[in-house]
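First the structure, in the form of structure tokens, and then the observations on it.
The values are calculated or read from the model by the stated rules, or taken from the named source; none is laboratory data. The structure displayed is predicted, hence computed values, not measured ones. No Cβ is skipped: glycine too gets one built from the backbone with ideal geometry, and neighbour counts run over all protein chains shown.
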Amino acid sequence: MIFNIFFAMLLALAFGLSLMIARADFRRRIIPDAYLFPLMLTGLALIAFFDWPHGLSAAVIGGIFGYTLAAITGFAFDYYLRKQGDDNISAPIGMGDIKLIGVGGLWLGTDGLAIALVIACISGMIWARIRHQKFIPFAPFFLIGAFFGLLNLAISL
């Protein structure tokens, strides 16, 4: 019984942190570490105590894969923009996004991370086309994709 309450509290905390991350990215275009690190620790607690949604090895592999993939993408964009010589253009992916994708990999593993990234990219493109904007706050769309990735993992258990 006490473990069920602890489990529900951890999920509620993760949901609240996700909402704060999405709101901060929409409003200020940054993802604060003050929300990201507790989200990472919450995921680690769920994996360590409940072995949910997957084991520790899948979490570590997913976290490393997500962070590395996002970092390579971010540095490639940054290198390309610097090579163009235009200093007024900011990189399309920031360090907060890179850390968020790493945390998403920890929560979802590689399978759920793939689902989250596909949903995030497609929904972000649709939103940008409808709103005619160049800036896309990636965190809200990634968190929506992460929800569906987590749902897919929970159904497959």
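Yes/no per residue for (1) at pLDDT 95 or above; (2) out of contact with any Ser or Thr (no Cβ under 7 Å at 6 or more places or on another chain); (3) surrounded by fewer than 20 Cβ atoms within 10 Å (Cβ to Cβ); (4) within 26 Å of ASN4 (Cβ to Cβ):
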| residue | (1), (2), (3), (4) |
| --- | --- |
| PHE50 | no, yes, yes, yes |
| HIS54 | no, yes, no, yes |
| TYR79 | no, yes, yes, no |
| LYS99 | yes, yes, no, no |
| GLY102 | yes, yes, no, no |
| ALA114 | yes, yes, yes, no |
| TRP127 | no, yes, yes, no |
| LYS134 | no, yes, yes, no |
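Of the conditions (1) more than 18 Å from SER18 (Cβ to Cβ); (2) surrounded by 19 or more Cβ atoms within 10 Å (Cβ to Cβ), GLN84 fails just one. Which one is it?
Only one criterion is unmet by GLN84, namely (2).
Mind listing whichever residues of segment 112-135 are in contact with a helix residue (DSSP H, G or I) (Cβ under 7 Å, 6 or more places away or on another chain) and in contact (Cβ under 8 Å) with a residue 40 or more places away in the chain?
Scanning segment 112-135 gives GLY112, LEU113.
Write out, first by first residue and then by second, each pair whose Cβ atoms fall under 7 Å of each other, whose residues are 6+ apart or on separate chains, and whose first residue, in segment 27-38, is over 12 Å from PHE135 (Cβ atoms) while the second is β-branched (Val, Ile, Thr) and surrounded by 13 or more Cβ atoms within 10 Å (Cβ to Cβ).
Note: pairs meeting the criteria are ILE31/ILE21; TYR35/ILE21; LEU36/ILE21; LEU36/VAL103.
Looking at (1) surrounded by fewer than 12 Cβ atoms within 10 Å (Cβ to Cβ); (2) at pLDDT 90 or above; (3) among the hydrophobic types (A, V, I, L, M, F, W, C), which one does ILE122 not meet, given that it meets all the others?
Unmet condition: (1).
For segment 138-147, does any single residue satisfy the condition of being surrounded by fewer than 19 Cβ atoms within 10 Å (Cβ to Cβ) and either within 20 Å of ALA22 (Cα to Cα) or over 12 Å from the mean Cα position of the chain (by Cα) (or both)? Steps first, please.
In the first step, residues of segment 138-147 are kept if they are surrounded by fewer than 19 Cβ atoms within 10 Å (Cβ to Cβ); the result is 144, 147.
Pick out the ones that are also either within 20 Å of ALA22 (Cα to Cα) or over 12 Å from the mean Cα position of the chain (by Cα) (or both) and you get 144, 147.
Yes - at least one qualifying residue is present in segment 138-147.
Is one or more of the residues making up segment 6-26 modelled with pLDDT of 95 or more, closer than 17 Å to PHE138 by Cα and basic (Lys, Arg)?
There is at least one residue in segment 6-26 that is modelled with pLDDT of 95 or more, closer than 17 Å to PHE138 by Cα and basic (Lys, Arg).
Condition first: modelled with pLDDT under 85 and among the hydroxyl-bearing types (Ser, Thr, Tyr). Can you find one or more residues in segment 82-95 that meet it? Please lay out each step first, then the result.
Going through segment 82-95, the residues modelled with pLDDT under 85 turn out to be 82-92.
Adding the requirement that they be among the hydroxyl-bearing types (Ser, Thr, Tyr) leaves 90.
Looking for residues that are modelled with pLDDT under 85 and among the hydroxyl-bearing types (Ser, Thr, Tyr), one finds at least one in segment 82-95, hence yes.
Between a residue in segment 1-13 that is closer than 12 Å to ALA45 by Cα and any residue that is among the aromatic types (Phe, Trp, Tyr) and surrounded by 10 or more Cβ atoms within 10 Å (Cβ to Cβ), which pairs come within a Cβ distance under 6 Å, given they are 6 or more apart or on different chains?
Partner pairs satisfying both residue conditions: PHE7/PHE50.
Sort through LEU46, LEU41 and tell me the only one that's surrounded by 13 or more Cβ atoms within 10 Å (Cβ to Cβ) and without any contact (Cβ under 8 Å) to a residue 24 or more places away in the chain.
Of LEU46, LEU41, the one residue that is surrounded by 13 or more Cβ atoms within 10 Å (Cβ to Cβ) and without any contact (Cβ under 8 Å) to a residue 24 or more places away in the chain is LEU41.
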